[in-house]
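Peer 1: Once you've had a glance at the structure underneath, I'll fire off some questions.
The values are calculated or read from the model by the stated rules, or taken from the named source; none is laboratory data. All values reported here derive from a predicted model rather than from experimental measurement. Here the Cβ is made from the backbone with ideal geometry for all residues, glycine too, and neighbour counts use every protein chain on show.
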Amino acid sequence: MSIFQESAVREIAKVLHAPYKKLKNGYRILVQNPENNHRLALEIYPDISLGEQKGCLISVYTMNAHLQLQFCTGYVPSESLGEVTFYAEAGRKISGLIVDKTASCSFYANVDRGILSGDFSKLGPEVVMSSVALSLAEQSLKDSEA
């Protein structure tokens, strides 16, 4: 059973201050920011064929980009930050797609899990942002190990 039941999608849409729509095999959330005319479409496919396996696919469509996180294993909603972090694990590596209520998004791939809980001041400026951004998912990752 997928973690992305309709109740989870409803929670995600609430954090993003956006409506959701049920699709044939997933959900679509349209996030709009009228202040700067930005918008993005977030699509969640809880159980879709990804080659020879099935898994969860998160897709983000913007005016200039299309981002995908395949085999998404979890998400962390943050009402206080107005964003949702979707993540996928592959061994000691984590990739994350972060969508916020201002219709912006960030994507980080193959980040070593060890730096999520390390001393950020010891990291180079090139990698601090990914570590800080994905550190929100750290507790969920620990919970999934238990």
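Peer 1: Among the residues of segment 11-24, is any among the acidic types (D, E), farther than 20 Å from T73 by Cα and either at pLDDT 95 or above or outside any strand (DSSP E or B) (or both)?
Peer 2: Among the residues of segment 11-24, not one is among the acidic types (D, E), farther than 20 Å from T73 by Cα and either at pLDDT 95 or above or outside any strand (DSSP E or B) (or both), which makes the answer no.
Peer 1: Quickly run through segment 56-98 and pick out the residues that are without any contact (Cβ under 8 Å) to a residue 60 or more places away in the chain and at positive phi.
Peer 2: Of everything in segment 56-98, those that are without any contact (Cβ under 8 Å) to a residue 60 or more places away in the chain and at positive phi turn out to be F71, G91.
Peer 1: For segment 34-87, give me every one of the strands (runs of 3 or more DSSP E) that falls completely inside it and has 2 or more residues that are at pLDDT 95 or above and aliphatic (A, V, I, L, M). First the steps, then the outcome.
Peer 2: On the way: elements: 38-50, 53-61, 66-70, 74-78.
The qualifying strands (runs of 3 or more DSSP E) are 38-50, 53-61, 66-70.
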